[in-house]
């Protein structure tokens with residue numbers, strides 16, 4: 001158990017809909033990362049938050065947004081869903097209090113299927 | 001932007017053979033991390049390399065960080081069926097974000 005909790009584990013929704021994925025980081029970790037994993041696409045970095053503020057942005061679509069709340073949990077919002085958004089979405093957390101990225105702990109992921 | 005490339009994408013070996021995966025970055029990295037993802041699982045941290053030319057060993061696994069801090073490798077000696085999975089390298093530039101390569105998927109037949 002990595003200590004990172006993601007809900008829900010599975011999500012099936014229709015095209016055009018909006019969903020929210022939730023992540024609770026490990027206790028004490030201030031940094032939260034979101035990644036998208038599609039078949040043969042590896043782990044695509046979406047966005048990072050550190051202590052409530054956006055720290056880095058990857059190839060995140062404008063239809064996607066995220067935030068980190070004062071209790072450090074994070075939510076990833078995906079809207080106007082398309083078939084191509086079907087993927088495994090991972091959240092990871094790390095201490096990341098210094099200039100170097102520290103070890104990241106991954107949640108079990110949310111499997112999103114858009115039909 | 002920063003890119004991290006990994007080769008090969010897939011590798012099949014017979015149990016007992018060695019395996020190596022290579023990671024190259026388009027930019028100088030502050031550090032590099034390696035992760036393993038078992039089939040159906042989530043990535044799990046293996047190791048972090050920080051210094052130029054650093055070499056670290058974990059039992060049958062040997063990790064190297066290049067002198068220019070732009071490349072790295074993971075070598076597994078005498079593979080076992082438990083080594084099956086996808087191995088990812090991940091790098092960053094001065095703590096911006098962890099960028100992952102596409103991974104090398106290792107299969108092992110006994």
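Determine, yes or no, whether residue B:36 is more than 10 Å from chain A (Cβ to nearest Cβ), under 14 Å from the mean Cα position of the chain (by Cα), free of Cβ contacts under 8 Å to residues at least 60 places away in the same chain and farther than 30 Å from residue A:9 by Cα. Please lay out each step first, then the result.
Details: more than 10 Å from chain A (Cβ to nearest Cβ): yes; under 14 Å from the mean Cα position of the chain (by Cα): yes; free of Cβ contacts under 8 Å to residues at least 60 places away in the same chain: yes; farther than 30 Å from residue A:9 by Cα: no.
For residue B:36, the condition - more than 10 Å from chain A (Cβ to nearest Cβ), under 14 Å from the mean Cα position of the chain (by Cα), free of Cβ contacts under 8 Å to residues at least 60 places away in the same chain and farther than 30 Å from residue A:9 by Cα - is not met.
So for the stretch A:26-40 (the condition being surrounded by fewer than 22 Cβ atoms within 10 Å (Cβ to Cβ), within 12 Å of the chain's Cα centre (by Cα) and within 19 Å of residue B:45 (Cβ to Cβ)), does at least one residue qualify?
yes
Would you confirm whether any residue within the stretch A:48-71 is modelled with pLDDT of 95 or more, within 18 Å of residue B:43 (Cβ to Cβ) and assigned to a strand (DSSP E or B)?
So far as the stretch A:48-71 goes, no, none of its residues is modelled with pLDDT of 95 or more, within 18 Å of residue B:43 (Cβ to Cβ) and assigned to a strand (DSSP E or B).
Being at the interface with chain B (Cβ under 8 Å from one of its Cβ atoms) and assigned to a strand (DSSP E or B) is the filter here; which residues of the stretch A:24-43 pass it?
Here is the first cut: in the stretch A:24-43, the ones at the interface with chain B (Cβ under 8 Å from one of its Cβ atoms) are A:33, A:35, A:40-43.
Within the stretch A:24-43, A:33, A:35, A:43 meet the criteria.
Of the residues B:41, B:101, only one is in contact with a strand residue (DSSP E or B) (Cβ under 9 Å, 6 or more places away or on another chain), closer than 27 Å to residue A:31 by Cα, surrounded by 23 or more Cβ atoms within 10 Å (Cβ to Cβ) and within 14 Å of chain A (Cβ to nearest Cβ); which? Spell out how you get there, then give the answer.
Working: B:41 fails: surrounded by 23 or more Cβ atoms within 10 Å (Cβ to Cβ).
Of the residues listed, the single one that is in contact with a strand residue (DSSP E or B) (Cβ under 9 Å, 6 or more places away or on another chain), closer than 27 Å to residue A:31 by Cα, surrounded by 23 or more Cβ atoms within 10 Å (Cβ to Cβ) and within 14 Å of chain A (Cβ to nearest Cβ) is B:101.
Return the total of residues in the stretch A:59-101 being under 30 Å from residue B:51 (Cα atoms) and surrounded by 20 or more Cβ atoms within 10 Å (Cβ to Cβ). Quick ask: steps written out before the conclusion?
Initial filter on the stretch A:59-101 (under 30 Å from residue B:51 (Cα atoms)): A:59, A:90-101.
Checking which are surrounded by 20 or more Cβ atoms within 10 Å (Cβ to Cβ) leaves us with A:90-94, A:96, A:101.
Final tally of qualifying residues: 7.
The values are calculated or read from the model by the stated rules, or taken from the named source; none is laboratory data. Keep in mind that what you see is a predicted model, and the values were worked out from it rather than measured. Quick reminder, even Gly has a Cβ in these numbers, built from the backbone with ideal geometry, and neighbours come from all protein chains shown.
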